[in-house]
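Engineer: Pasting a structure here, questions to come.
The values are calculated or read from the model by the stated rules, or taken from the named source; none is laboratory data. What you see is a predicted model, and the numbers here were worked out from it, not measured in a lab. Neighbour counts are summed over all protein chains in view; Cβ atoms, including those assigned to glycine, are modelled from backbone coordinates with ideal geometry. Just so you know, the surface numbers come from the protein's heavy atoms only, side chains and all, with ligands and any DNA or RNA stripped out. Shrake-Rupley method; radii C 1.70, N 1.55, O 1.52, S 1.80 Å.
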Amino acid sequence: MGLKAVLSRIFAGVINRQLNQLRKNAVGLQQKTFLGLIEQAKNTAFGRDHQFERIKTYDDFKRLVPVRDYEDLRPYIDRITKGEPDVLWPGKPAYLAKTSGTTSGVKYIPISKESMPEHIKAARNALLNYIHETGKADFVDGKLIFLQGSPILAEKSGISTGRLSGIVAHHVPGYLQKNRLPSYETNCIEDWEQKVDAIVEETLDQDMRLISGIPPWCQMYFDRLSAKTGGKKIKDIFPNFKLFVYGGVNYEPYRARIEESIGFAIDSIETYPASEGFIAFQDSQKNKSLLLLVGSGMFYEFIPAEEFFNEHPTRLSLAEVELNKNYALILNTNAGLWGYSLGDTVKFVSKNPYRILVTGRIKHYISAFGEHVIGEEVEQALMSVAQQEGIDVVEFTVAPQVNPPQGELPYHEWLIEFGKEPEDLKAFAQKVDKALQQKNIYYFDLIKGNILQPLIIKSLKKDTFINYMRAQGKLGGQNKVPRLSNDRKIADELSPFKGGVL
């Protein structure tokens, strides 16, 4: 074991004691964070507009500060992007994280000098927590790869601007810089396919021990490594590769294919980073849920998912949440986001400590007929059957077909790219439909009441989703295909790629 590994195990013990304090004092830390945020921002434009000087309790805050999405907050952010200081948070942001919105076009998320270190600390602590739990630290002595966006930053009114992963690249701790790949020059390549090919060339003969990225783009990297080496498994290319770190999407639909590419069931850590803040990470290899980070400069609110679109939805603090209930996640941050709807839904599976599962996107659902099917339900229905049948699912998306051209009953259309396709697609579709009925009582009632016919699967050609994302100009990085839509925009755009139908 090298010196870095020895030192990391010592440091991991220190961090574990700190994390235990967070686990034990979550509600108190959230209250302290809440009061601190209000005090720091009371003299900003937003603080004055919303009478922060009168806010003493969470009830005061709910009365004075409404829930907003990016579009609602845009007038304040536009003032920031024009160079005005003290708008949402004291001073100017250290960075503007540039991200793509489904309805807002390009979004600029402020990152302050207070919030930036929390991103880095959370990523570091996820790894150190793993080391403390497992005792495995050898990966820090080898090469580490982070598949991320370009670190080249632009400027907007004197504020450095770029993708979150590119911004973070400037803050990788010095003790990891010599271990880190790809090179700066390769990381700067904008075209994702050229970039992946360059990463393959740079890493092929390296001692890769940790690989991190969004699962579908890591899979592309693995596929190209395998093709370059005549079909070798990743374990044979990188014999010391022992840890996979991922985030951005639910891993389960990708797990079987990634583990097949690697050649074994590798240890993995799920993280929940967003441009708005680093929210949670998996803190145990024995548990797939994520530890909510309560002491990282963010005060969380939770709205029951079924109330989110109400005029006056219930807003809850951490102390008020219930287990196994879907909530829309609302953020208040030390970068100046207030009552900010992140767009994600989560549910708590533990309150001692507070652990969550990310269950979907509040606007990514199907309720064309009142069924309100969410991402967690479709993913679990599909993957439970696929695992039983030994079927390899590469990627998928689901949309309603409200007016079928043949005049039959409407249905949910599942557009699936298979790695290994079922021998009997119709039987496979029936099993998936039954699994979905068991997870969603409203969908069950619509099927039994002959309002909907059972779901229909349309098989897509190989590389459909890669080609689709390329056509959208969203190949690689942090981009991902929505799994659920309440309209047919994505389904219709995928029409040129359709293959078999059932």
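Engineer: Among the helices (runs of 4 or more DSSP H) lying completely within region 6-106, list those that include at least 3 residues that are open to solvent by 50 Å² or more (accessible area, probe 1.4 Å). I'd like the intermediate steps shown before the answer.
Structural biologist: Working: elements: 26-41, 45-49, 58-64, 70-81.
In region 6-106, 26-41, 58-64, 70-81 are the helices (runs of 4 or more DSSP H) which contain 3 or more residues that are open to solvent by 50 Å² or more (accessible area, probe 1.4 Å).
Engineer: Would you pick out the residues in region 114-160 that are open to solvent by 30 Å² or more (accessible area, probe 1.4 Å), within 24 Å of L291 (Cα to Cα) and assigned to a loop (DSSP other than H, G, I, E, B)?
Structural biologist: Selection gives E114, K136.
Engineer: Moving to a separate point now. Return a yes/no flag: does region 482-501 have any residue that is open to solvent by 30 Å² or more (accessible area, probe 1.4 Å), modelled with pLDDT under 85, part of a strand (DSSP E or B) and of a type outside the set (G, A, S).
Structural biologist: yes
Engineer: Related question: Just one of Q437, Q453, Q430 is open to solvent by 10 Å² or more (accessible area, probe 1.4 Å), assigned to a helix (DSSP H, G or I), in contact with a helix residue (DSSP H, G or I) (Cβ under 8 Å, 6 or more places away or on another chain) and more than 30 Å from E193 (Cβ to Cβ); which is it? Talk me through it step by step, then tell me what you get.
Structural biologist: Details: Q453 fails: assigned to a helix (DSSP H, G or I); Q430 fails: in contact with a helix residue (DSSP H, G or I) (Cβ under 8 Å, 6 or more places away or on another chain).
Residue meeting the stated conditions: Q437.
Engineer: Could you list, ordered by first residue, the pairs with Cβ atoms under 7 Å in which the first is in region 279-292 and under 14 Å from K347 (Cβ atoms) and the second is of a type outside the set (A, V, I, L, M) and open to solvent by less than 10 Å² (accessible area, probe 1.4 Å), at least 6 apart or interchain?
Structural biologist: The qualifying pairs are L290/F281.
Engineer: Please specify each residue of region 388-433 satisfying the condition of being among the β-branched types (V, I, T) and over 26 Å from the mean Cα position of the chain (by Cα).
Structural biologist: The answer is V402, and nothing else.
Engineer: Follow-up. From the list F241, F264, which one is assigned to a loop (DSSP other than H, G, I, E, B), over 30 Å from V65 (Cα atoms) and open to solvent by less than 10 Å² (accessible area, probe 1.4 Å)?
Structural biologist: On the way: F264 fails: open to solvent by less than 10 Å² (accessible area, probe 1.4 Å).
On inspection, the qualifying residue turns out to be F241.
Engineer: Residues in region 303-331 that are in a loop (DSSP other than H, G, I, E, B) and either open to solvent by 10 Å² or more (accessible area, probe 1.4 Å) or touching a Pro at 6+ places or on another chain (Cβ under 8 Å) (or both): how many? Lay out the reasoning, then the answer.
Structural biologist: At the first step, the residues of region 303-331 found to be in a loop (DSSP other than H, G, I, E, B) are 308-315, 317, 321-322, 324-325.
Add one more test, that the residue is either open to solvent by 10 Å² or more (accessible area, probe 1.4 Å) or touching a Pro at 6+ places or on another chain (Cβ under 8 Å) (or both), and what stays is 308-315, 317, 322, 324-325.
Residues meeting the conditions: 12.
Engineer: Another one. In region 456-467, which residue that is touching a Gly at 6+ places or on another chain (Cβ under 9 Å), of a type outside the set (G, A, S) and surrounded by 16 or more Cβ atoms within 10 Å (Cβ to Cβ) is modelled with the lowest pLDDT? Lay out the reasoning, then the answer.
Structural biologist: Restricting attention to region 456-467, the residues satisfying the condition of being touching a Gly at 6+ places or on another chain (Cβ under 9 Å) are 457-462, 464.
So of that shortlist, the ones also of a type outside the set (G, A, S) come out as 457-458, 460-462, 464.
Remaining after also requiring surrounded by 16 or more Cβ atoms within 10 Å (Cβ to Cβ): 457-458, 460, 464.
Details: I457: 94, K458: 92, L460: 91, T464: 88.
Filtering region 456-467 for residues that are touching a Gly at 6+ places or on another chain (Cβ under 9 Å), of a type outside the set (G, A, S) and surrounded by 16 or more Cβ atoms within 10 Å (Cβ to Cβ), the one modelled with the lowest pLDDT comes out as T464.
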